[in-house]
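The values are calculated or read from the model by the stated rules, or taken from the named source; none is laboratory data. Everything numeric here is computed off the predicted structure, so don't read it as measured data. Glycine also receives a Cβ, built like all others from the backbone with ideal geometry; neighbour counts cover every protein chain displayed. Surface areas here come from the heavy atoms of the whole protein model, side chains and all, with no ligands, DNA or RNA. Shrake-Rupley method; radii C 1.70, N 1.55, O 1.52, S 1.80 Å.
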Amino acid sequence: MSASHISRNLILLAAVLAIAFAMQFVLPTYYVLTITRMMVLAVFAVGYNMLLGYVGLLSLGHAIFFAAGLYFAGLSTYHLGISVPVAFLIGIAAALVLALAIGVVALPTMRVSFMIVTLMFAQVGFLTTLYFAQYTGGQDGLSLPHAARQFDLFGTTFSLANEQVRFNLAFGLLAIALAVSFVVLTSRRGRIFAAIRENEGRTEMLGFNVFASKLEAFLYSGTIAGAAGAAYGLLFGYIGSTFASIQYSIEVLLFTLLGGAGTLLGPLLGVLLMTTLIDRLSELTTAYLLVIGVVLIVLVLWFPKGILGTIRERWLPWLM
């Protein structure tokens, strides 16, 4: 990718982040809360896109990393009284360790087997949250007390119940996740990831350590997903088994495919469209999932590589 293309994408990324940041000053409180949730889910999708979009590995169990961050961060502050910043780091560390353990086992398998293995690990995680319901709250989940969602930093007390604090923390996390993706995508590592996606055998024949590269991408992906989970639990004050279910693995897959796998801003666009559709249609009909399914089929037919992926292919070849 040429320097001019990188510059264009950097300007586009900065413009999108500037618009997102400005939303908190012009929208009502309800919509600020909605966008905060979208940004956290977008971080999850950015992490997933690192694996599916850049390396071409389809995981059906990524909810386990989101849930690892959510539970380890949430339970640390709920049961142990650990401060919010430390609990957040514990959630990220837990997702990183789990990604390393699962990656070592799952990545040597072939592509279909990889999907099955990741799904099995995710189901184990989901059942674990139910089995230890006395600590996790099981299906009902746990609501974090208000005191557990406050922390002091540089002599100032911050409350995660404050919508502006939540918004800006979610925005900062999204900006970091997109910046990491941008750096990886424009680096030598990103080119190796793309080579593995296009032809794994040829990449290995050229002398690259394919397993090490895939494991690196898996660690990036799982850690970013864990950061999203930790943020979700702490910012919204709730942890529950639903977040470890296959539903969340499928949703993040849809976010990524809809926006455009392998594009920098595709996951963000996919989250924006999907969550808006779900929120609006659920207010109009109980059959909203059926309507969303039809809409997704139409979008896939018109945009076979996702919205941004198809736009890049047809009109804007410089788009990341």
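To keep it simple, each residue is scored yes or no on (1) assigned to a loop (DSSP other than H, G, I, E, B); (2) aromatic (Phe, Trp, Tyr); (3) over 15 Å from the mean Cα position of the chain (by Cα).
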position: 54; (1), (2), (3): no, yes, no
position: 68; (1), (2), (3): no, no, no
position: 75; (1), (2), (3): no, no, yes
position: 85; (1), (2), (3): no, no, yes
position: 89; (1), (2), (3): no, no, yes
(message) Cβ contacts < 8 Å: first residue on the phi > 0 side of the Ramachandran plot, restricted to region 141-164; second residue hydroxyl-bearing (Ser, Thr, Tyr) and surrounded by 12 or more Cβ atoms within 10 Å (Cβ to Cβ), any location; separation 6+ or different chain. Result?
(response) 141/238; 141/241; 141/242
(message) I want to confirm something. Restricting to region 236-246 and keeping residues that are aliphatic (A, V, I, L, M) and open to solvent by less than 10 Å² (accessible area, probe 1.4 Å), which single residue is farthest from residue 83 (Cα to Cα)?
(response) 244
(request) Go through (1) of a type outside the set (A, V, I, L, M); (2) open to solvent by 10 Å² or more (accessible area, probe 1.4 Å); (3) in a helix (DSSP H, G or I) one by one and return the number of the condition residue 139 breaks. (result) (3)
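Would you check which residues across region 252-261 are surrounded by 23 or more Cβ atoms within 10 Å (Cβ to Cβ) and either of a type outside the set (S, T, N, Q) or free of Cβ contacts under 8 Å to residues at least 12 places away in the same chain (or both) and list them?
Of everything in region 252-261, those that are surrounded by 23 or more Cβ atoms within 10 Å (Cβ to Cβ) and either of a type outside the set (S, T, N, Q) or free of Cβ contacts under 8 Å to residues at least 12 places away in the same chain (or both) turn out to be 252, 255, 257, 258, 259, 260, 261.
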(request) Could you tell me whether residue 63 is within 17 Å of the chain's Cα centre (by Cα) and either farther than 30 Å from residue 147 by Cα or of a type outside the set (Asp, Glu) (or both)? (result) yes
(message) With the requirement that a residue be over 23 Å from residue 102 (Cβ atoms) and open to solvent by 70 Å² or more (accessible area, probe 1.4 Å), what does region 117-136 give you?
(response) 134
(request) Please work out which residue is modelled with the lowest pLDDT, limiting yourself to region 269-298 and to residues that are under 22 Å from the mean Cα position of the chain (by Cα), open to solvent by 40 Å² or more (accessible area, probe 1.4 Å) and aliphatic (A, V, I, L, M). (result) 289
(request) Answer yes or no as to whether residue 6 is out of contact with any Leu (no Cβ under 7 Å at 6 or more places or on another chain), open to solvent by 60 Å² or more (accessible area, probe 1.4 Å) and either assigned to a helix (DSSP H, G or I) or closer than 30 Å to residue 195 by Cβ (or both). (result) no
(request) State all residues of region 152-174 that are hydroxyl-bearing (Ser, Thr, Tyr) and touching a helix residue (DSSP H, G or I) at 6+ places or on another chain (Cβ under 9 Å); if no residue qualifies, say none. (result) 159
(message) Quick check on my filter: what residues within region 160-175 are assigned to a helix (DSSP H, G or I) and either small (Gly, Ala, Ser) or out of contact with any Phe, Trp or Tyr (no Cβ under 7 Å at 6 or more places or on another chain) (or both)?
(response) 163, 164, 166, 167, 168, 169, 170, 172, 173, 174, 175
(message) Under 8 Å between Cβ atoms, which residue pairs at least 6 apart in sequence (or on different chains) link something in region 71-91 that is over 10 Å from residue 239 (Cβ atoms) and open to solvent by 60 Å² or more (accessible area, probe 1.4 Å) with a partner that is hydroxyl-bearing (Ser, Thr, Tyr) and part of a helix (DSSP H, G or I)?
(response) 79/135; 86/76
(message) Can you tell me which residue is least open to solvent (accessible area, probe 1.4 Å) among those in region 18-41 that are free of Cβ contacts under 8 Å to residues at least 12 places away in the same chain and in a helix (DSSP H, G or I)?
(response) 22
(request) Could you run through region 73-122 and say how many residues are farther than 21 Å from residue 51 by Cβ and of a type in the set (A, V, I, L, M, F, W, C)? (result) 10
(message) Between a residue in region 275-295 that is within 20 Å of residue 259 (Cα to Cα) and any residue that is open to solvent by less than 60 Å² (accessible area, probe 1.4 Å) and not in a helix (DSSP H, G or I), which pairs come within a Cβ distance under 6 Å, given they are 6 or more apart or on different chains?
(response) none
(request) Could you list all residues from region 197-254 that are in a helix (DSSP H, G or I), more than 17 Å from residue 111 (Cα to Cα) and either basic (Lys, Arg) or touching a Pro at 6+ places or on another chain (Cβ under 9 Å) (or both)? (result) 252
